[in-house]
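The values are calculated or read from the model by the stated rules, or taken from the named source; none is laboratory data. A quick note: this is a predicted structure, and the numbers were derived from the prediction, not measured. Reconstructed Cβ throughout: ideal geometry from the backbone, glycine too, with neighbour counts over all protein chains shown.
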Amino acid sequence: MLLVLVNPVCGDKSAAAFFAAHVVPRLNEHTAVHVQTTSAGHAGRVVVEHATRPLTLVLGSGDGTLHDILNALHAASITTPVHFVLVPCGTANALYSSLFPPPPVPDLAYKLQSLHAFLQNKATTTLLSLATTTISAQNAPVSTSIASVVVSTALHASILHDSEALRERHPGIERFKLAAQQNSTKWYNARLNLTPSSLGFVQIYNPSSKSLIPHPDSSNDSPAVEIQGPFAYFLSTVNVDRLEPAFRIAPLARAIPPSAPAFDIVVLRPLRDPTIHQDTPDARSSFVAKTWKVLGGAYQDGQHVEFVYTEQGDIASGVHGVSVIEYFRCGGWQWTPDDADPDAHLVCSDGAISTIPPHGKATAAVDTFSHHFSVYN
Ligand SMILES: Nc1ncnc2c1ncn2[C@@H]1O[C@H](COP(=O)(O)OP(=O)(O)OP(=O)(O)O)[C@@H](O)[C@H]1O
């Protein structure tokens, strides 16, 4: 069956008008059930109710509503295939802009590409990889969530946490930049453990060879890799190479696609900077410009993956040196925050924020089995 579902409050709140003008008229030959959400959580309930048989879902929203739907289907143990026709109406639209990299000036046809694929009756759908994140307190799980875009901690989770309070006054992506400024001097104390993908080892990007290579600490006997903080940035993605149309934070997800479901992970650790030897207030202040330079590189088509430190601690590319970020590909990770660092306890799963309890941790894994959720492209 065909369900047309619109979140009228996502993005700049124009989704309902956009559907009335451009989507509903194009569906005129199709019999469909039309629903506008009335509250957070409503989308998930509607889809679960209609997923008693294979479903095609024309969804006017951003990534958050999709997240609600996937989690509701998962919680209800629904395994019926769901084919999504995505119409990007949210703020960031990370999944849409990754599947359909935007032209310099996106036009109406750009926003209707998934719909167009569906209407052309092309059997081209992309299966979504999903990541399961479990928050635990002293080894007892307290919550689980499913993500189709991003799971993060550190600066990215702080930004998503604080940007919600700015949504009313700043409906566009500028609220993420404002929230980033509020958090720019924070470092996050935690231990990170990476677990291998189905390849059997953890990979790391080498800017010199421009390839993903086995991590030197990941062997057949001992494939997991442990990484000590402090961290400025930690983010893992599935399905996407960008979190906004121009913010290509995980470019290798598209440039060197994984052969099987895997996380692409971006880590920024200030103590890799040859001019920073310990965590002090001065060191944190002096590192702010480097954090912005890295995030600026993501806005330059993902250039940050090529950045290395010169001996003087400047950031350069095209020369030999210690890579500024560490870019990993792996099957899962575990983040154990330092109990004395409350900021390190935030976890973002597709924009939804959770807090790791004291003595707790977050564990995330890309599911190796298919969930039967796909997107028309
Ligand atoms: N009618 C509604 N009233 C209030 N909240 C809603 C309603 N429908 C859905 N929501 C909630 O709105 C939130 C934001 O939606 P969504 O993420 O789709 O848009 P966005 O945040 O603008 O875009 P993006 O996630 O791409 O940045 C979701 O978490 C969803 O639960």
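With respect to (1) crowded, with 23+ Cβ neighbours inside 10 Å; (2) of a type in the set (A, V, I, L, M, F, W, C); (3) farther than 27 Å from I356 by Cα, the lone exception for L119 is condition (1). Here the stretch 70-87 is the region considered, the condition is being touching a Gly at 6+ places or on another chain (Cβ under 7 Å) and in contact (Cβ under 8 Å) with a residue 60 or more places away in the chain, and the residue that is surrounded by the most Cβ atoms within 10 Å (Cβ to Cβ) is V87. Starting from residues that are out of contact with any strand residue (DSSP E or B) (no Cβ under 6 Å at 6 or more places or on another chain) and of a type in the set (D, E), keep the ones in the stretch 241-272 and report whichever is surrounded by the fewest Cβ atoms within 10 Å (Cβ to Cβ). Looking at residues that are out of contact with any strand residue (DSSP E or B) (no Cβ under 6 Å at 6 or more places or on another chain) and of a type in the set (D, E), I get E244. Within the stretch 83-110, the residues that satisfy the criterion of being within 15 Å of the ligand (Cβ to nearest atom) and part of a loop (DSSP other than H, G, I, E, B) are C89, G90, T91, A92, N93, F100, P102, P106.
Residues are listed down the side, and each one gets a yes or a no for (1) surrounded by 21 or more Cβ atoms within 10 Å (Cβ to Cβ); (2) of a type in the set (K, R); (3) within 7 Å of the ligand (Cβ to nearest atom); (4) modelled with pLDDT under 95:
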residue	(1), (2), (3), (4)
A32	no, no, no, yes
T37	yes, no, yes, no
G44	yes, no, no, no
H50	no, no, no, no
G62	yes, no, yes, no
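Do you know which of the residues in the stretch 118-166 that are without any contact (Cβ under 8 Å) to a residue 24 or more places away in the chain, in contact with a helix residue (DSSP H, G or I) (Cβ under 7 Å, 6 or more places away or on another chain) and not polar (S, T, N, Q) is farthest from K186 (Cα to Cα)? The selected residue is L166. Would it be correct to say that H371 is within 30 Å of V87 (Cα to Cα), part of a loop (DSSP other than H, G, I, E, B), touching a helix residue (DSSP H, G or I) at 6+ places or on another chain (Cβ under 9 Å) and not polar (S, T, N, Q)? It is true that H371 is within 30 Å of V87 (Cα to Cα), part of a loop (DSSP other than H, G, I, E, B), touching a helix residue (DSSP H, G or I) at 6+ places or on another chain (Cβ under 9 Å) and not polar (S, T, N, Q).
Answer yes or no as to whether G296 is assigned by TED's automatic domain parsing to the domain that holds T195 and on the phi > 0 side of the Ramachandran plot. Break it down into steps so the answer makes sense when it comes.
Working: assigned by TED's automatic domain parsing to the domain that holds T195: yes; on the phi > 0 side of the Ramachandran plot: no.
Taking the combined requirement at face value, the residue does not satisfy it.
Of everything in the stretch 324-367 that is assigned to a loop (DSSP other than H, G, I, E, B) and either outside the structural domain of E164 (by TED's automatic domain parsing) or of a type in the set (D, E) (or both), the residue that is surrounded by the most Cβ atoms within 10 Å (Cβ to Cβ) is D350.
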